[in-house]
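Trainee: Quick one: structure below, then a few questions.
The values are calculated or read from the model by the stated rules, or taken from the named source; none is laboratory data. Predicted, not measured: the structure shown is a model, and the values here were computed from it. All Cβ positions, even for glycine, are placed from backbone atoms using ideal geometry, and neighbour counts span all protein chains on display.
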Amino acid sequence: MKVIKNTKIIKRILKGSRSLSFIPTMGSLHNGHISLIKKAKRDKNKIVVSIFVNPKQFENNKDYKSYPRNLGKDLNILKKQKIDFVFLPRVKDIYLYKTKNKIYLDKFSKNLCGKYRSGHFKGVIDIVNRLVEIVRPKKIYLGKKDYQQLILIKKHFSKNNFKIKIIECNTYRDAFGLAESSRNKSLNENQLNVARNVYRILKKNKLFIKRNLKNYRLNNLKKQIISLGLKIEYIKLLNLKTLKYPKINENFNIFIAYYLGKTRLIDNI
Ligand code: AMP
């Protein structure tokens, strides 16, 4: 496994390898990330994983600084997974890189998380664009856990005619249904149980809503979740294709962002 920190060096090293699979991450790796790696391995392409905590996508410096980091452990995980290349760009280096493409931010960026985190998706698209321009992979693996991010990256690639295949990966959950997240590491035992209960409530309500969209009241669901003692940032039903409130018999997911103490979690079920 080659660990590369410099933009120019990685470009040079990857120049000959044109069948690359790429998995961008912010590190503090967990089973969710590993599920993406395992999926990528089925292709037999060489795999590049990047670890970069991108300051431009955080609301403030405090949030950026407190994001969980564990590079030593991450590298051990990647070594065990037999990854070919790990890219660890430095902030200055990657932002000095001159990009060819213009950031395209679809209006869906104003919905869900974008409504509460100004500048977040611009920061996400900017960094993914840089990483992809540098690595030039054939395939990129992205998780549906961050569904809004996945859609916005897709729209940016499509607008800029990227020749890249996006592999959408299912959300990996623990035995109790909680979506794996680096931020779960900041939860205490009690908060973990609450987060698992949120999943249980959402799952139950989704089944009910599927049969009963007409009679369903979002406030009812909100009350059930708030009674667990947490703060909801948003909760919304969206058709996964139209990205609008679903009509009867359409497929949809419940999208949620909430705070457990200082930890912000998102999911869609
Ligand atoms: P992150 O390190 O949180 O930026 O995530 C890196 C990639 O892993 C993104 O494409 C995420 O959507 C994906 N990811 C994060 N958590 C999960 C999960 N529990 N299941 C599947 N993919 C995930």
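Trainee: If you go through the stretch 72-82, how many residues are out of contact with any helix residue (DSSP H, G or I) (no Cβ under 7 Å at 6 or more places or on another chain) and not in a helix (DSSP H, G or I)?
Mentor: Here the count works out to 1.
Trainee: Sticking with this structure for a sec: Only one of these is out of contact with any strand residue (DSSP E or B) (no Cβ under 8 Å at 6 or more places or on another chain) and not basic (K, R): D84, D43, D93. Name it.
Mentor: D93
Trainee: State whether one or more residues within the stretch 184-203 are buried (at least 19 other Cβ atoms within 10 Å of the Cβ) and within 17 Å of the chain's Cα centre (by Cα).
Mentor: Among the residues of the stretch 184-203, at least one is buried (at least 19 other Cβ atoms within 10 Å of the Cβ) and within 17 Å of the chain's Cα centre (by Cα), which makes the answer yes.
Trainee: Working only within the stretch 15-32, note down all residues that are closer than 23 Å to V124 by Cα, in contact with a strand residue (DSSP E or B) (Cβ under 8 Å, 6 or more places away or on another chain) and either part of a helix (DSSP H, G or I) or small (G, A, S) (or both).
Mentor: S21, G27, G32
Trainee: Looking at K92, K102, K115, which one is surrounded by fewer than 19 Cβ atoms within 10 Å (Cβ to Cβ), assigned to a helix (DSSP H, G or I) and in contact (Cβ under 8 Å) with a residue 24 or more places away in the chain?
Mentor: K115
Trainee: Between residues in the stretch 31-58 that are assigned by TED's automatic domain parsing to the domain that holds K145 and within 19 Å of K139 (Cα to Cα) and residues that are of a type in the set (D, E, K, R) and in a loop (DSSP other than H, G, I, E, B), which pairs lie under 7 Å by C-beta distance while being six or more apart or on different chains?
Mentor: G32/E180; N45/K138; K46/D84; I47/D84; V48/D84
Trainee: Give the residues of the stretch 123-139 that are in contact (Cβ under 8 Å) with a residue 60 or more places away in the chain and either within 16 Å of the ligand (Cβ to nearest atom) or not in a helix (DSSP H, G or I) (or both), sorted by residue number.
Mentor: G123, V124, D126, I127, V128, L131, V132, V135, R136, P137, K138, K139, listed by residue number.
Trainee: Determine if the stretch 9-19 includes at least one residue that is within 16 Å of the ligand (Cβ to nearest atom) and not β-branched (V, I, T).
Mentor: No; the residues of the stretch 9-19 include none that is within 16 Å of the ligand (Cβ to nearest atom) and not β-branched (V, I, T).
Trainee: Could you tell me whether any residue of the stretch 57-64 is acidic (D, E) and surrounded by 15 or more Cβ atoms within 10 Å (Cβ to Cβ)?
Mentor: Taking every residue of the stretch 57-64 in turn, none turns out to be acidic (D, E) and surrounded by 15 or more Cβ atoms within 10 Å (Cβ to Cβ).
Trainee: Another one. Go through the stretch 179-204 residue by residue and tally those that are in contact with a helix residue (DSSP H, G or I) (Cβ under 6 Å, 6 or more places away or on another chain) and near the ligand (Cβ under 9 Å from one of its atoms).
Mentor: The number of residues fulfilling the criteria is 2.
Quick grid of which residues meet (1) in contact (Cβ under 8 Å) with a residue 60 or more places away in the chain; (2) within 24 Å of R117 (Cβ to Cβ):
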position: Q191; (1), (2): yes, yes
position: L202; (1), (2): yes, yes
position: F208; (1), (2): no, no
position: Y216; (1), (2): no, no
position: L228; (1), (2): no, yes
position: E233; (1), (2): yes, yes
position: P246; (1), (2): no, no
position: N253; (1), (2): yes, yes
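Trainee: Related question: Here is a check on your reading of the model: is R42 exposed (fewer than 14 other Cβ atoms within 10 Å of the Cβ), at pLDDT 95 or above, more than 13 Å from the ligand (Cβ to nearest atom) and closer than 24 Å to A179 by Cβ?
Mentor: Spelling it out, R42 is indeed exposed (fewer than 14 other Cβ atoms within 10 Å of the Cβ), at pLDDT 95 or above, more than 13 Å from the ligand (Cβ to nearest atom) and closer than 24 Å to A179 by Cβ.
Trainee: A further question on this structure: Sort out which residues of the stretch 213-240 are closer than 25 Å to S109 by Cα and surrounded by fewer than 11 Cβ atoms within 10 Å (Cβ to Cβ), and write them in order of number.
Mentor: Hit for the stretch 213-240 is N219, nothing else.
Trainee: Scan the strands (runs of 3 or more DSSP E) fully inside the stretch 172-269 and keep the ones with 2 or more residues being at pLDDT 95 or above and farther than 26 Å from R69 by Cβ.
Mentor: Because the criterion is at least 2 residues that are at pLDDT 95 or above and farther than 26 Å from R69 by Cβ, the strands (runs of 3 or more DSSP E) in the stretch 172-269 that meet it are 231-238, 253-260.
Trainee: Identify all residues within the stretch 140-160 that are surrounded by fewer than 19 Cβ atoms within 10 Å (Cβ to Cβ), away from the ligand (no atom under 13 Å from the Cβ) and either aromatic (F, W, Y) or within 16 Å of the chain's Cα centre (by Cα) (or both); write none if there are none.
Mentor: Correct list: K155 only.
Trainee: Taking the conditions exactly as written (assigned by TED's automatic domain parsing to the domain that holds R130, away from the ligand (no atom under 16 Å from the Cβ) and loosely packed, with under 14 Cβ neighbours inside 10 Å), does K163 satisfy them or not?
Mentor: The answer is yes for K163.
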